[in-house]
Amino acid sequence: MTAEQIQKNVETVRKTIAAALNGADRAVLLVAATKMNDAAAVRAAIAAGVDACGENRVQELEEKDAQGAYAGCAKHFIGHLQRNKVNKVVGRVDLIESVGSAELLELIARRAAALGIRQEVLLEVNIGGEPQKSGISRGGARNAGKSGKFVRNFPPRTDVCAPRAGKTGG
């Protein structure tokens, strides 16, 4: 994909977002999934105005980071983070999305503490209590929020999630 095509796509997405907001006063962050794209395409997406770049492969993140692909843009780790890759991601990205277990959250907290940083994460909570879905339970999320080490190593955020229509269990 050329830089011009990327620019056009970002403009189209921005227009779609604006139309969906219909004048509502809300902030929307445009995160480009830059996985499987080279550093030049990432730079083109940033130049086109994306707010953040999301990678789901640690090796690609490292390679593109070394090439300066993300200069001037927030980096997110999207998708499933394997426990053995935590040390390579914590402190390298602005936000780790989809942390779905207390064990992974604990590893991230330990690494953040060792680095002396506060790592932003999105905790995936299975509020519908559906066994086939991933994510930490409601109770597990409450317990994590009450833990002093988590409060020290993770900045507070508020994000919204919802179960499938008609589901409120869990």
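Which members of the range 24-68 meet the condition of being surrounded by fewer than 15 Cβ atoms within 10 Å (Cβ to Cβ), within 23 Å of ASN84 (Cβ to Cβ) and among the β-branched types (Val, Ile, Thr)?
If the condition is that a residue be surrounded by fewer than 15 Cβ atoms within 10 Å (Cβ to Cβ), within 23 Å of ASN84 (Cβ to Cβ) and among the β-branched types (Val, Ile, Thr), then no residue fits.
Under 6 Å between Cβ atoms, at least 6 apart or on separate chains: pull out the pairs that start in the range 52-74 with a residue that is over 18 Å from VAL10 (Cβ atoms) and end on any residue that is part of a helix (DSSP H, G or I) and charged (D, E, K, R).
From residues that are over 18 Å from VAL10 (Cβ atoms), the pairs are VAL58/LYS85; VAL58/LYS88.
Based on this model, can you work out whether VAL10 counts as under 18 Å from VAL99 (Cβ atoms), of a type outside the set (S, T, N, Q), part of a helix (DSSP H, G or I) and open to solvent by less than 60 Å² (accessible area, probe 1.4 Å)? Reasoning before the result, please.
Numbers: under 18 Å from VAL99 (Cβ atoms): no; of a type outside the set (S, T, N, Q): yes; part of a helix (DSSP H, G or I): yes; open to solvent by less than 60 Å² (accessible area, probe 1.4 Å): yes.
It is false that VAL10 is under 18 Å from VAL99 (Cβ atoms), of a type outside the set (S, T, N, Q), part of a helix (DSSP H, G or I) and open to solvent by less than 60 Å² (accessible area, probe 1.4 Å).
Would you tally the residues in the range 69-110 being more than 20 Å from GLY140 (Cα to Cα) and open to solvent by 70 Å² or more (accessible area, probe 1.4 Å)?
Final tally of qualifying residues: 7.
Which number in (1) modelled with pLDDT under 85; (2) open to solvent by 30 Å² or more (accessible area, probe 1.4 Å) marks the one condition that ALA114 misses?
(1)
The values are calculated or read from the model by the stated rules, or taken from the named source; none is laboratory data. Since the model is a prediction, treat every value here as computed from it, not as a measurement. Heads up, the Cβs are rebuilt from the backbone with ideal geometry, glycines too, and the neighbour counts pull from every protein chain shown. These area figures cover heavy atoms from the full protein model, side chains too; ligands, DNA and RNA do not enter into them. Shrake-Rupley method; radii C 1.70, N 1.55, O 1.52, S 1.80 Å.
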